[in-house]
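Q: If you scroll down you'll find the structure; I have some questions about it.
The values are calculated or read from the model by the stated rules, or taken from the named source; none is laboratory data. If you're wondering where the values come from, they're calculated on a predicted model, not measured in any experiment. Cβ atoms come from the backbone with ideal geometry, glycine included; neighbour counts cover every protein chain shown.
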Number of protein chains: 4
Amino acid sequence: MSATRYTYLGPEGTFTEAALRTLPEAATRELVPMVSVPAALDAVRGGEAAAALVPIENSVEGGVTTTVDELAKGEPLMIYREVVLPIAFALLVRPGTKLKDIKTVTGHPVAQPQVRNWLAAHLPDAVWESSASNADGARLVQEGRFDAAFAGEFAAATYGLEPLVTEIHDAANAETRFVLLGRPARPAAPTGADKTSLVIWLGDDHPGALLELLQEFAVRGVNLMRIESRPTGQGIGNYCFSVDAEGHITDRRVGEALMGLKRICPKVRFLGSYPRAGVAVDDVRPLRPGTTDEEFIAASDWLAHCQDGRF
Amino acid sequence: MSATRYTYLGPEGTFTEAALRTLPEAATRELVPMVSVPAALDAVRGGEAAAALVPIENSVEGGVTTTVDELAKGEPLMIYREVVLPIAFALLVRPGTKLKDIKTVTGHPVAQPQVRNWLAAHLPDAVWESSASNADGARLVQEGRFDAAFAGEFAAATYGLEPLVTEIHDAANAETRFVLLGRPARPAAPTGADKTSLVIWLGDDHPGALLELLQEFAVRGVNLMRIESRPTGQGIGNYCFSVDAEGHITDRRVGEALMGLKRICPKVRFLGSYPRAGVAVDDVRPLRPGTTDEEFIAASDWLAHCQDGRF
Amino acid sequence: MSATRYTYLGPEGTFTEAALRTLPEAATRELVPMVSVPAALDAVRGGEAAAALVPIENSVEGGVTTTVDELAKGEPLMIYREVVLPIAFALLVRPGTKLKDIKTVTGHPVAQPQVRNWLAAHLPDAVWESSASNADGARLVQEGRFDAAFAGEFAAATYGLEPLVTEIHDAANAETRFVLLGRPARPAAPTGADKTSLVIWLGDDHPGALLELLQEFAVRGVNLMRIESRPTGQGIGNYCFSVDAEGHITDRRVGEALMGLKRICPKVRFLGSYPRAGVAVDDVRPLRPGTTDEEFIAASDWLAHCQDGRF
Amino acid sequence: MSATRYTYLGPEGTFTEAALRTLPEAATRELVPMVSVPAALDAVRGGEAAAALVPIENSVEGGVTTTVDELAKGEPLMIYREVVLPIAFALLVRPGTKLKDIKTVTGHPVAQPQVRNWLAAHLPDAVWESSASNADGARLVQEGRFDAAFAGEFAAATYGLEPLVTEIHDAANAETRFVLLGRPARPAAPTGADKTSLVIWLGDDHPGALLELLQEFAVRGVNLMRIESRPTGQGIGNYCFSVDAEGHITDRRVGEALMGLKRICPKVRFLGSYPRAGVAVDDVRPLRPGTTDEEFIAASDWLAHCQDGRF
């Protein structure tokens, strides 16, 4: 029954599954690993699943381009939740394997830059070969194809391995951000600590277009939290921008900024308004004076009075 | 009966009267000269007159500060029409006076810079003394107090004088702009070639405030036609700005810009939306793409769809 | 001998003379009153005087347009000093005159708005007629032409009058700013609390030109203290801007902003860099990070290294 | 001998080798394939090679993150040339293989999105597995591990394969941009059609920082051709920007913009000024008025005159 099924980027034992299990409702859902981000999303688009959890951004490697591009160009989906997970790797081995025995290591290509320094220091002669996922790497170790795999410590049990070293991460603060995607519907009500995600296309050949895009936000006091350029696929030099802004689409300042973008940009896609992970209402940056809903409403009343000559 | 009475900055025979007579309805109104701009306006505020015509801007001398300050700080009035009149002076004398006889000349202080070069060239030894108005100067010549007065050629007959020299004006393109003021009411419908007048106060001590003010217009594609700073009377360094913008308050782009100003500025006063003098609809600068009413409405519809999750 | 002669806007007994006497060097100069601002300035241009003190801005009435326009359009002069004087009027009468005896009052037109409320409250029936200067009004009272004159209290002695009422000023904080003008020369060294005056012409028909002008300042962190629009005399809608900016022309950020204006505006006139009146170095607003001379020099060194490939 | 050795991202038979061979000097260099971008670059840093050619941007997949991050964070290198190559794949098979025989296909992960539609249409049941490079995929076909590989047609001969289908590319205009990197040195003289590459770090927690970054370019009339965000590795929400701007570092407008960035941003890295691939001088967008070298020099002369009081 699709309403109780959530897909995620599998296989089992990945960080994505760990992220999904942080959501309270995960306990009562059927969690289905899928072989790729497109597969996880297509299950939602096709109605076989209610939602999909996939990674969208990695603090070391940047955007997860498949997810970003699927959201920009695929059949529309909406973001309902985000989960941010600190990323630390464990070196998983078959029971009994010692560090000096390790000749070959594997892991997802995204893991490599996060463990590169550790490898150079502790296993300088080990040969790295990429696997399709961290969990897949663990499976290949289980099967004997590699001596060790970098994966989440939680994956050890699933594959009958043991963590030889834990908490490996080259960059401090390594995190991955995941999003829970569903079919478009009315966004949840604002919580006071929300973000709004968009994809914005720029006109072909207008050098100031990005500056104008940013000014639509700035003039309404809407802060950007993330901006990531993506090629449109129309040739070198054509970009769209994946953007996260502070606030909720029902906030007046956010709504007016979105309308401004809609008017001046060839295409804008709304990806959802949803609670910011790990940010309490009290931690939200104060609004710039003149940009609260109350001030927007007061200005609208004033305009109506002016238009009627009542002042 | 006040509904048929228009006041104007007198006395009779001034450029203001000439400007007023260019309005078609002037033929059926009682035209009453007043001794000062405040007097002309107070008659409207008090209900004794339906409207007042006063000068507001002079292309040589700049803003007519009494009018600008009355509109900014006095009891609210609204601009319903503007009249732009080319300004050229005649040298009015008692019949028979010759150029070589002229030892003393008079005229309004505003006239002086417009005839300074002519005086230096043709009457270098004549002594100038200011009069309260150009027409008043003509009267003083009639009474024998001065030998000649600079005034509009149309004033000669009223005061029994003759124009000795005509078309005197130092600056080419000298013009004065006059406004017809009435009590606040619903502005006339847009004609397609309109302007909107405002007075905008800036916050006390914020160096970027003027830039932000201009960006509220720029981001909505609203062009400014005039911006004039005026002291607020709160000490050196405190200004408000008298502004004319292209467009009508019922244009979406103008309305949104006004609301933006209302939100970020301590005070905004709407002075009216009215047809631009001497500008046909076909002469209006094309709108920047993305700023037509249709585009504003389409963006608003799109936002509503996004907020409802219907896309 | 011109090097010791300072002209000022006369006659004797005006606020301008009072302002001039606040300058320490005034004690050793020959102070010569002139009949008009142009006359005071022409004496400097012609070499008959070393400097001229004239009013340039009034916190109630705004710019003194003759001075502003002379600096913008006349033969170049430079501002070397500014003096700011609080303005309060005394009502000067012939000895023995009582308030109830006063039927006619006079004063400079600029004085009128500053005493209007006082007049309405205390002499509602008195007839006002403007005089050429406040001091001239005092002289006319001395001669019996008027019953009372508004002028500075210091003018009483000069004209054999007595101050019947003092400290009259409708607006709190009424001030006039005066400038000491000389022929162009190298500006005095920066004091740390300086301002730079400019006149900037905008291109004819470019709606965003004023915004671009302001951005040349903003991007280099140069705050504007005053901006006043003036007609160029080329017809309604053509303006130049008289601007005071914080800082000295030898400050890197100011110099780069001036060069930016010079490049994008049809005409820029430098009017001088000079100490701010009444502002101590400690009271100056802190510079925006990245805009100190040290940071400009470090950036210039870095650029040279990049251009040489040494990094 | 290092001066004649160029490394490139291998193995032989990749698009990178094809791009390198478009450079005239390639004919007289020893061309050495390396196993990774870091390996190719480290050979240059260590002095074993004079230059390295690596991909930096793909019009379908976006930035080649390893290259972008190496340039941002590794030991400094400089870009001396760029090469843009249209990307079209051939399906390489062992001689005699027919389309209906193909059960497994391989290719570089970056190739997959460019052939996805073609695969879905012509080989819907084939299983895709990624290989380390397109050429590596060809080798694996040669060895019998896969039935077909997507690679450049030029790779067929090297691996004893034949192109079964050619000109496969889902997106029209698919291109890859490659850069030739060397140790820092004085950039080549401007050609009139140049670009300048930078990496710019933004301050931690300043929402308007990106807008300010863009304004440093905009105010000097410097157009941006590409802007790509990259995580700094300091946690979600910390970005640096990889930027290509029109013009050469010795152009005054570019130099002033770079100095502006240097002053306001915590870190800026210059990556080189070099000729734009495939753009003739006549095709370059005209400069904005006020931003030519001549205008910069004239403004600088004017400033010196003002500072000396000679005007």
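Q: Among D:Ala149, D:Ala171, D:Ala132, D:Ala157, which is within 29 Å of D:Gly278 (Cα to Cα) and under 26 Å from the mean Cα position of the chain (by Cα)?
A: D:Ala171
Q: Turning to a different aspect of this structure: Residue by residue through region A:241-255, note down the ones that are more than 10 Å from chain D (Cβ to nearest Cβ) and touching an Asp or Glu at 6+ places or on another chain (Cβ under 7 Å).
A: Within region A:241-255, A:Gly247, A:His248, A:Asp251, A:Arg252 meet the criteria.
Q: Looking at D:Pro289 and the list (1) modelled with pLDDT under 95; (2) farther than 22 Å from C:Glu212 by Cα, which single condition is not satisfied?
A: (2)
Q: Pairs only if they're at least six apart or on different chains, beta carbon under 6 angstrom, first in region B:13-31 and farther than 17 Å from B:Gly137 by Cα, second of a type in the set (A, V, I, L, M) and not in a helix (DSSP H, G or I); list them, first residue then second.
A: Pairs that qualify, where the first residue is farther than 17 Å from B:Gly137 by Cα and the partner is of a type in the set (A, V, I, L, M) and not in a helix (DSSP H, G or I), are B:Ala19/B:Val83; B:Ala19/B:Leu85; B:Leu20/B:Leu53; B:Thr22/B:Val83.
Q: Which condition from (1) part of a helix (DSSP H, G or I); (2) surrounded by fewer than 17 Cβ atoms within 10 Å (Cβ to Cβ); (3) at pLDDT below 95 is the one that D:Ala304 breaks?
A: Checking D:Ala304 against (1) part of a helix (DSSP H, G or I); (2) surrounded by fewer than 17 Cβ atoms within 10 Å (Cβ to Cβ); (3) at pLDDT below 95, the one that fails is (3).
This table checks each residue for (1) facing chain C (nearest Cβ under 7 Å); (2) not hydroxyl-bearing (Ser, Thr, Tyr).
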{"site": "D:Ser273", "(1), (2)": "no, no"}
{"site": "D:Arg276", "(1), (2)": "no, yes"}
{"site": "D:Asp283", "(1), (2)": "no, yes"}
{"site": "D:Leu287", "(1), (2)": "no, yes"}
{"site": "D:Gly290", "(1), (2)": "yes, yes"}
{"site": "D:Ala304", "(1), (2)": "no, yes"}
{"site": "D:Asp308", "(1), (2)": "yes, yes"}
{"site": "D:Phe311", "(1), (2)": "yes, yes"}
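Q: Does any residue of region B:25-44 turn out to be among the charged types (D, E, K, R), under 23 Å from B:Cys240 (Cα atoms) and either out of contact with any Pro (no Cβ under 8 Å at 6 or more places or on another chain) or modelled with pLDDT of 95 or more (or both)?
A: yes
Q: Can I ask one more? Mind checking whether some residue in region A:89-110 is among the aromatic types (Phe, Trp, Tyr) and over 24 Å from A:His169 (Cα atoms)?
A: No, region A:89-110 has no match at all.
Q: Still on this structure: Can you pull out the residues in region D:192-213 that are within 10 Å of chain A (Cβ to nearest Cβ) and surrounded by 21 or more Cβ atoms within 10 Å (Cβ to Cβ)?
A: D:Leu210, D:Leu213
Q: Looking only at residues in region D:78-105 that are within 11 Å of another protein chain (Cβ to nearest Cβ) and aliphatic (A, V, I, L, M), which one is surrounded by the most Cβ atoms within 10 Å (Cβ to Cβ)?
A: So the residue we want is D:Met78.
Q: Taking the condition touching an Asp or Glu at 6+ places or on another chain (Cβ under 8 Å) and in a helix (DSSP H, G or I), does D:Ala277 pass?
A: Spelling it out, it is not the case that D:Ala277 is touching an Asp or Glu at 6+ places or on another chain (Cβ under 8 Å) and in a helix (DSSP H, G or I).
Q: OK, next. List every residue pair whose Cβ atoms lie under 6 Å apart, where the two residues are 6 or more positions apart in sequence or sit on different chains, the first residue falls within region B:138-163 and is assigned by TED's automatic domain parsing to the domain that holds B:Gln114, and the second residue, located anywhere, is surrounded by fewer than 21 Cβ atoms within 10 Å (Cβ to Cβ) and assigned to a strand (DSSP E or B).
A: The qualifying pairs are B:Phe146/B:Thr104; B:Asp147/B:Thr104; B:Glu153/B:Pro163; B:Glu153/B:Thr166; B:Ala156/B:Glu162; B:Ala156/B:Pro163.
Q: Just one of the numbered conditions (1) of a type outside the set (D, E, K, R); (2) outside any strand (DSSP E or B); (3) surrounded by fewer than 24 Cβ atoms within 10 Å (Cβ to Cβ) is not true of C:Thr166; which one?
A: It is condition (2) that C:Thr166 fails.
Q: Out of (1) within 7 Å of another protein chain (Cβ to nearest Cβ); (2) touching a residue at least 24 places away in the same chain (Cβ under 8 Å), what's the single condition that is false for B:Pro266?
A: (1)
Q: For region A:239-256, which positions are in contact with a Ser or Thr (Cβ under 8 Å, 6 or more places away or on another chain), within 12 Å of A:Phe217 (Cα to Cα) and among the small types (Gly, Ala, Ser)?
A: A:Ala245, A:Gly247
Q: Being β-branched (Val, Ile, Thr) and either surrounded by fewer than 18 Cβ atoms within 10 Å (Cβ to Cβ) or away from chain D (no Cβ under 13 Å) (or both) is the filter here; which residues of region A:107-147 pass it?
A: Selection gives A:Val115, A:Val127, A:Val141.
Q: Collect the residues in region B:223-240 that are within 9 Å of chain C (Cβ to nearest Cβ) and hydrophobic (A, V, I, L, M, F, W, C), keeping them in residue-number order.
A: Answer for region B:223-240, where residues must be within 9 Å of chain C (Cβ to nearest Cβ) and hydrophobic (A, V, I, L, M, F, W, C): B:Leu224, B:Met225, B:Ile227, B:Ile236.
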